[in-house]
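All remarks here apply to the structure that follows.
The values are calculated or read from the model by the stated rules, or taken from the named source; none is laboratory data. Since the structure is predicted, the reported quantities are computational estimates derived from the model, not experimental observations. Backbone-built Cβ (ideal geometry, glycine too); neighbour counts: all protein chains shown. With ligands, DNA and RNA removed, areas are computed over all heavy atoms of the protein, side chains included. Shrake-Rupley method; radii C 1.70, N 1.55, O 1.52, S 1.80 Å.
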Amino acid sequence: MSSEDREAQEDELLALASIYDGDEFRKAESVQGGETRIFLDLPQNFKIFVSGNSNECLPNSGFEYTICFLPPLVLNFELPPDYPSSSPPSFTLSGKWLSPTQLSALCKHLDNLWEEHRGNVVLFAWMQFLKEETLAYLNIVSPFELKMGSQKKVQRRTSQASLNTELEFGGAAGSDLDQEEVVDERAVQDVESLSSLIQEILDFDQAQQIKCFNSKLFLCNICFCEKLGSECMYFLECRHVYCKACLKDYFEIQIRDGQVQCLNCPEPKCPSVATPGQVKELVEAELFARYERLLLQSTLDLMADVVYCPRPCCQFPVMQEPGCTMGICPSCNFAFCTLCRLTYHGVSPCKVTAEKLIDLQNEYLQADEAHKRFLEQRYGKRVIQKALEEMESKEWLEKNSKSCPCCETPIEKLDGCNKMTCTGCMQYFCWICMSSLSRASPYKHFNDPASPCFNRLFHAVDVNGDI
C-alpha cells in the first residue's frame, strides 16, 4: 500500500467519523473498513401496504399503515490496499424493505459513482446518494408495496459495460425489474419473511418516533413548564403533550374517586383517553390494580348479558344466557334468578320484598303496555294487583284515619266525641291533639283549663253527629 493511499484512507475514515454519529458510522477494528447505516428521510404521510394477493398467508394482508421512518440501508465496506488510486471499496448493501432487484440497482449505481470519482475517495458520495436520492432513483412513492424478492439468480460484477447500464423503473412502488435481470451478489434483503418484515418496520418506526419525541422540548399546559419529551407523555389520539408529573397527579385523583372512565386528555372538550399502558407507567402498582378492577367492572356494567352474583361475599360476573332467567355463578356455584336476584325459583313468579313492592307500584303505574305485560309475567298478576290495592289502601288511610299514639294502629273516626279508644291496644287518646289519655280519668284532658283541648270534647261535631 502506498503512503498516499494509506493517508487518503485514514483521512476519509476520520472525516466520516466526525460527520456522522455512532448510529450512522462505525469503523471496523481489525481491517480498513466499516459500516454505515443510511436513514432515509420519508415524505409526510408516507404509507406502506401489503397487497391481498401476496404469496404469504398473512392475517393483516391488504393492510395499509402510515409511517415516519423506515429501517436503514446498511453499507458494509472494506478498503483494498490500492484504494483510492486504483481499486474501489469492496462492499455489500443490505436492506429489509427493498427487494434484491432494487438493491442490485443501487449497487450498480455505486459502481458508476466510483467510475466518476476514480482515483479519489468515494464513500461520502455513496452515502449522500443513498440518503438523498434512493427514493427518487428507484421511483418509490407513497403508498409503497412491501414485497419479498428472490435471490436465486446471482451475478458477480463483470465488464465495465454492464456497470454503466442504468436500470429503468416505473410504477408507484418501484416496480419489478425485467424478469431477465439477475441479482447482484452484494445486494442482500436482510429479512426472513414478509410477516417479520412488517413487524420490524412497525417496531422500528415506533422506536424512532419515541426517540425523536424524547429529544424535543414541550410546553405542559397544566404546569406551564417546558420539559424534554422524555419527561412528558402524549395522548395517542389527539397528540396533546403534558409532563408526566402533572399527569400522574391527575390520574391518581381520578382513580381514587373511581372515575376510571374519565382519564381523558386534560384539554377542554378533548375526547382522547389514556391507554392502560400509559396509566400503568405513571401510577403505583396498588392504584393501578384498583384502576384495572374498576375499569373491568364498568365495562361489564355496560354489557346487557352480564349480571353479578347476588351473594355479598362473591359478586362475581355471570354471563346470562339469552331467554333464560337462571344464572349460575362460576365462582361459588350459586343458582339465582337474574330478575329478582334471589335463589332460582323456576317458573314461579319472583318474590317481592316490602321495599320492592313500593317501587313496583310506581313502576307499574308509569309503564307502557309492553312493560306492564313484562312486569305481570315477571311477578305475576296477583302480586301486581296486591301492590296496587295496598297503595290504594295506604292512600285512603292517609286521608281518612289517624294512627294510635301508642301502637300506630290506623283509627277512623265515624262519629261521637273526641275521646277515642284504640281497637288495637285499647289505649284512650285525644282525636284533636293525638295525646294519650289517662285510663282512670280520660275526660280530665277536656275539663282541665290548662289543657290545649279544654272544652273541646265535642269540637268539630255538628248536632247531627257528623265530623
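Across region 392-424, the residues whose backbone nitrogen lies under 19 Å from the label position 7 Å along the beta-carbon direction of residue 439 are 404-409, 419-424. For residue 437, the residues whose amide H sits under 5 Å from its own are 428, 429, 430, ignoring neighbours fewer than 5 places away on the same chain, with H placed 1.01 Å from N. Annotation: residue 331 carries an accessible surface of approximately 70 Å², with a 1.4 Å probe and no ligand, DNA or RNA atoms counted. Within the shell defined by Cβ-Cβ distances under 15 Å, the residues around residue 135 carry a net charge of -2, with Lys and Arg each +1 and Asp and Glu each -1.
Label-to-label distance for residue 374 and residue 68 is 5.0 nm, based on points extended 7 Å past Cα in the beta-carbon direction.
Only helical DSSP H runs with n ≥ 4 go in: add -39500 (n - 2.57) per run for the chain, normalise by residue count and round the 222 nm mean residue ellipticity to 500 deg cm²/dmol.
Numbers: 12 runs with 160 residues, N = 467.
After summing the helix terms and dividing by the residues of the chain, the value is -11000 deg cm²/dmol.
Note on the chain: dipole from Cβ charges, positive end direction compared against 136, 411, 80; the farthest Cα belongs to 411. Each residue, residue 390 and residue 270, gets one label point 7 Å from its Cα in the Cβ direction; the gap between the two is 5.4 nm. Here the accessible area is traced with a 1.4 Å probe on the protein chains. For the chain, carbon and sulfur cover 52 percent of it.
Amide hydrogen proximity for residue 459: with H placed 1.01 Å from N in the peptide plane, the residues at 5 or more positions away or on another chain lying under 5 Å are 418. In the full protein context, region 1-49 carries 60 Å² of accessible surface per residue, based on a 1.4 Å probe and ignoring ligands, DNA and RNA.
For the listed residue pairs 47/216; 227/269; 27/96; 280/356; 402/444; 351/399, the alpha carbons are over 32 angstrom apart in 280/356. Only one of the listed values, (1) 30.4, 111; (2) 24.3, 82; (3) 43.7, 144, was derived from the coordinates as Rg and Dmax of the Cα atoms in Å; which label is it? Checked against the structure: label (3). Over all other residues within a Cβ to Cβ distance under 14 Å of residue 215, the charged ones net out to -1, with Lys and Arg as +1 and Asp and Glu as -1. The calculated FRET efficiency for the pair residue 37 and residue 200, based on their C-beta separation and a Förster distance of 22 Å, comes to about 0.95. With a cut-off of 13 Å between beta carbons, the residues surrounding residue 287 carry a summed charge of -2, where Lys and Arg count +1 and Asp and Glu -1. Averaged over its residues, region 399-445 has an accessible area of 57 Å² per residue, based on protein heavy atoms and a 1.4 Å probe. The spacing between region 308-334 and region 188-241, judged by their C-alpha centroids, is 44 Å.
The spacing between region 389-422 and region 1-19, judged by their C-alpha centroids, is 114 Å.
Relative contact order, percent, of region 255-320 when contacts are C-alpha pairs under 8 Å separated by at least 6 residues? Walk me through the numbers before you get to the answer.
Working: 46 pairs, mean separation 15.5, N = 66.
So the answer I get is 23 percent.
Taking amide H as placed 1.01 Å from N in the peptide plane, the amide H of residue 453 sits under 5 Å from none that are at least 5 places away or on another chain.
Mind checking the full-extension length gain between residue 320 and residue 212? Use 0.36 nm per residue of separation minus the Cα-Cα distance, one decimal, nm.
Here the segment from residue 320 to residue 212 would lengthen by 34.0 nm.
With the largest listed first and rounded to whole Å, the semi-axes of the equivalent ellipsoid of region 218-313 from the Cα gyration tensor are 30, 14, 10. A quarter of the convex hull surface defined by the alpha-carbon atoms of region 20-135 gives 8.9 nm² as the mean projection.
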